[in-house]
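Working notes, structure below.
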Amino acid sequence: MEVKKVFNNNVVMSMNEKNEEIIAMGKGIGFNKRVGDDLELEKVEKVFVMDSSKKSDYEIYHKIDPVIVEIATDIIKYAQGVLGSRLNNNIYLTLPDHLDFAINRIQKGLEVTSPLYWEVKNFYTVEFMIGEKALELIYQRLELALPEHEAAAIALHIINAKVDSPGMDQTIEVIEMVQDILDIVSYFYGIQLDSSSFHYSRFVTHLRYLVIRLYDHKTVGNHSDSDDFLYGQMVKKYPRVRACVEKVAAYIEQKLEVTIGQEEKLYLMIHIQRVISQLENEE
């Protein structure tokens, strides 16, 4: 395999056996290389086929400090190990670009914030932990301390790079909607929900998948008579929970232009009752 283009010391372009343009990444893989030189395969750490529709995007490797690209690659590798799954190749573009932007702002004394800091920290605890690890790595390599808010921003890139991710815009809207629903429940009962509780965590997970599902206009299947019976029992026993669920359903229906079915309302009732019951038992 030959080097077709050198982006920096750690990133080059080549061609695979299918005659597809590829990006090859690895420490020193582009050092002192020229077009036509052999690619040192033993230095290759990551290879992926270039997206022809985003060809110009790869020019960021010319503009970004190779050390930042290397840090981003190490963060991605760590994230994949923690999550136990591969991330979308786009993150090899988006994460170094983001890190370069954030680091430049800090070096210029400008503020770096993440408006979804609290939500990401509480709704995506594993990804946020990866973001915190990324901050440690950046400090070790550059002796530059980024604010904790940046851990949430990095986590968002990790979330968005998951194979089943709906995309950054939708990911952000899902996070915002989940927070809105939690606020509706909290306001309805006039209490502060316990974000550290097991039932709260389960509720948040359910809400995330519910919103994602309804975003694509998908609903729960396998309706059964037992669901009808359980729904009727819940309505009779917990009329206030039902009233709360109706407010939540109205919000979701207005935001996503969907209809919330009885099965979805049943699961919402179960989760909300567990969260509220735990709080009442602790009083």
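Does GLU150 count as on the phi < 0 side of the Ramachandran plot, acidic (Asp, Glu) and surrounded by 15 or more Cβ atoms within 10 Å (Cβ to Cβ)? Yes; evaluated as a whole, the condition is true for this residue. In region 129-142 there is at least one residue matching the filter, namely being under 30 Å from SER277 (Cβ atoms) and not basic (Lys, Arg). Return yes when VAL248 is outside any helix (DSSP H, G or I) and under 22 Å from ASP216 (Cα atoms) and no when it is not. For VAL248, the condition - outside any helix (DSSP H, G or I) and under 22 Å from ASP216 (Cα atoms) - is not met. On the stretch given as region 187-230, residues that are exposed (fewer than 13 other Cβ atoms within 10 Å of the Cβ), at pLDDT below 95 and part of a helix (DSSP H, G or I) total 5.
Looking only at region 240-259, filter to residues that are acidic (Asp, Glu) and within 25 Å of the chain's Cα centre (by Cα); which one of those is surrounded by the fewest Cβ atoms within 10 Å (Cβ to Cβ)?
Our first condition is that a residue be acidic (Asp, Glu); within region 240-259, this holds for 246, 253, 257.
Now restrict to residues that are within 25 Å of the chain's Cα centre (by Cα): 253, 257.
Working: GLU253: 13, GLU257: 9.
Top of the filtered list is GLU257.
Tally time: how many residues in region 113-131 are surrounded by fewer than 16 Cβ atoms within 10 Å (Cβ to Cβ), within 18 Å of ALA102 (Cβ to Cβ) and in contact with a helix residue (DSSP H, G or I) (Cβ under 7 Å, 6 or more places away or on another chain)? Residues meeting the conditions: 1.
May I ask you to verify whether GLY167 is closer than 24 Å to VAL49 by Cβ and among the small types (Gly, Ala, Ser)? So GLY167 passes the test. Given the structure, is ILE272 more than 24 Å from the chain's Cα centre (by Cα), modelled with pLDDT of 85 or more, surrounded by 17 or more Cβ atoms within 10 Å (Cβ to Cβ) and not in a helix (DSSP H, G or I)? It is false that ILE272 is more than 24 Å from the chain's Cα centre (by Cα), modelled with pLDDT of 85 or more, surrounded by 17 or more Cβ atoms within 10 Å (Cβ to Cβ) and not in a helix (DSSP H, G or I). Whenever a residue of region 127-145 is within 19 Å of ALA155 (Cα to Cα) and free of Cβ contacts under 8 Å to residues at least 24 places away in the same chain, its partners that are surrounded by fewer than 13 Cβ atoms within 10 Å (Cβ to Cβ) and among the hydrophobic types (A, V, I, L, M, F, W, C), lying with C-beta atoms within less than 9 angstrom and at least six residues away or across chains, give the pairs LEU135/ALA145; TYR139/ALA145. Which of the residues that make up region 66-76 are out of contact with any strand residue (DSSP E or B) (no Cβ under 8 Å at 6 or more places or on another chain), surrounded by fewer than 23 Cβ atoms within 10 Å (Cβ to Cβ) and of a type outside the set (Val, Ile, Thr)? Selection gives GLU70, ASP74.
Does ILE184 satisfy being more than 28 Å from GLN273 (Cβ to Cβ), surrounded by fewer than 19 Cβ atoms within 10 Å (Cβ to Cβ) and in the same structural domain as GLN273 (by TED's automatic domain parsing)?
In short, no.
The values are calculated or read from the model by the stated rules, or taken from the named source; none is laboratory data. Here the structure is a predicted model, which means the values were calculated and not measured. A quick note on method: Cβ atoms are made from the backbone with ideal geometry, for glycine too, and the neighbour counts reach across all protein chains shown.
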